[in-house]
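S.K.: Input: one structure, supplied below.
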Amino acid sequence: MTTPAARSGTGQPAELFFEDLVPGLTVDLGVVTVDGDEMVAFARRFDPQWYHVDPDLAGESRHGGLIASGFYTVSLFMRAYVDHLLSRAAADASPGLEELRWLAPVRAGDRLAVRVDVMGARPSTARPGLGTVSLTGTMLRLGADDRPEQEVLRTRFRGWFAARPTEAEPAAPADPPEADRPEADQPDDGPTGADQPASEPAEIDPAEAKPAETKPVETEPAETSPDGPEQPEGGPTKAEPHA
């Protein structure tokens, strides 16, 4: 019997498991292009600070124009992480992150290269069957020649991933009941004469049959006294002659 296959973060059968996410592994999460309209719409909904939503004020500031909300940028990272890793891996959930840094402004039209590095992995002590993987995610702005120019985001976090399913060991066959064992009715030395049916006496080889040897029985003569044989007590005595 095989353990049911674990599902990936998007619900499909998983192809990557905890054992595959070894320290030192780098996973390329592709390149994201920042959409200006989406960037502003996100800021208006979730982070409506003036340098995210007001182009005039942002243009007059030290920012020189609108910049993305940091939470929009990390949302772009999350989408790339799901599309290129969690969609393939037996991901369960995340217990949290340790670091989230916005290292440089992100603007409309930026092309951001995304990657994740596995920093550590160990079996989970809180969730049997899962492993805890420590990860570092980064986003780097690319230049016109597709070479990284600047790191704009870095995050350190942990994720839970299911261990690879294993084949269940087949159950050992149960010992047959004592009464069903062929040797249960036989003593250790095999059948004896007592087990032979009365209608089938044990066969004897005539050549091996011998007459029973007899010995004469020696008897000793009974002891007698000079006066004749002893008479038992109370027995008859010699009759006296009648006068």
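Taken together, the values in this text are just the output of simple stated rules run on the coordinates, not laboratory data. Everything numeric in this text was worked out from a predicted model, so none of it was measured. Cβ coordinates were reconstructed from backbone atoms using ideal geometry, including for glycine residues, and neighbour counts include every protein chain displayed.
S.K.: How big is the convex hull of the Cα atoms of the stretch 20-65, per residue, in Å³?
M.R.: Output value, Cα hull per residue: 144 Å³.
S.K.: Of all alpha-carbon pairs in the stretch 80-170, indicate the percentage at a distance above 16 angstrom.
M.R.: 62 percent
S.K.: In the stretch 16-104, if every C-alpha pair distance is counted and binned at 10 Å from zero, what percent goes to each bin?
M.R.: Once binned at 10 Å, the Cα pair distances of the stretch 16-104 give 14, 37, 28, 15, 5, 0.
S.K.: Summarise the long-distance tail of P(r) for the stretch 94-142 by giving the % of C-alpha pairs beyond 15 Å.
M.R.: Every Cα pair in the stretch 94-142 considered, those over 15 Å come to 58 percent.
S.K.: Something else: Taking loop as defined by DSSP and a crowding limit of 10 other beta carbons within 10 Å, which trypsin sites (Lys or Arg not before Pro) in the stretch 23-130 fit?
M.R.: Answer in residue order: 62.
S.K.: Points 7 angstrom from Cα along the Cβ direction at residue 19 and residue 142: gap in nanometres?
M.R.: It is 3.5 nm.
S.K.: Return the sequence-ordered ³J(HN,Hα) values of the stretch 25-34 in whole Hz as given by the Karplus equation 6.51 cos²θ - 1.76 cosθ + 1.60 applied to θ = phi - 60°, using x for Gly and Pro.
M.R.: These are the phi-based 3J(HN,Hα) values: 6, 10, 10, 6, 9, x, 10, 10, 9, 6 Hz.
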